[in-house]
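**Student:** Dropping the structure in here first, questions after.
Values in this text are rule-based calculations from the coordinates and carry no lab data. In this text the structure is predicted, and so the values were computed from the model without any measurement. Note that each Cβ is placed from the backbone with ideal geometry, even for glycine, and that neighbours are counted across all protein chains shown.
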Amino acid sequence: MLRTKIHIALSAIGAVLGLSAFICFCIVYANIEAGMWALLSGLHASLSCMLHWHYLKESLHVNFSRKALQYIGDFGMVGFISGSALTLFYLFLEIYYQADILPIQTSIIIRMIWAFMMLKWGLLLYIFTRKYLRTYNDHQLFSENPNIEET
């Protein structure tokens, strides 16, 4: 349970940092791309935090079906793949142009960092949905429910 609490704390920090970076980069510095990747990173971290929370409270099976968890895992995989592609793209641009981190409005390095964070949280979301899917007991799904009356 301590490990789950640590995962909750780290993903909550990731969600808060993603949202605050979105506000900072989009509104203050007008670096819309970095802000969007930060928002998507925060969304993946928020979903990860929600799954850990439900798992800790033992309400994961009540609130999420297998299909819903699979969809959340697929969303994590999309975040991982797109974050990987964006990170490689921005890495290429940074090597090619050798741009500085300043000015922040046009910084490729900041975009690359938040694309990497989206890669990280997408991968973690995918891994944890797969882990939590393994906790589902298929035999329970197909057993007779004694609370249901036959008519």
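**Student:** Can you report the principal axis dimensions of the chain using only the alpha carbons, biggest first, rounded to whole angstrom?
**Tutor:** For the chain, the Cα spread along each principal axis is 71, 31, 24 Å.
**Student:** Hey, rough spin-label estimate for LYS57 and TYR97, points 7 angstrom out along Cα→Cβ, what's it come to in nanometres?
**Tutor:** Simple spin-label model gives 4.5 nm for this pair.
**Student:** May I pose another question? To make sure I understand, if each residue's beta carbon is the centre and we count other beta carbons within 10 Å, what order do LEU43, LEU19 fall in, fewest to most?
**Tutor:** Exposure proxy ranking, most exposed first: LEU19, LEU43.
**Student:** Nearest 500 deg cm²/dmol is fine: what mean residue ellipticity at 222 nm does the chain get from its DSSP H runs of n ≥ 4 alone, each adding -39,500 (n - 2.57), divided by its residue count?
**Tutor:** Details: 6 runs with 114 residues, N = 151.
So the helix-based figure for the chain works out to -26000 deg cm²/dmol.
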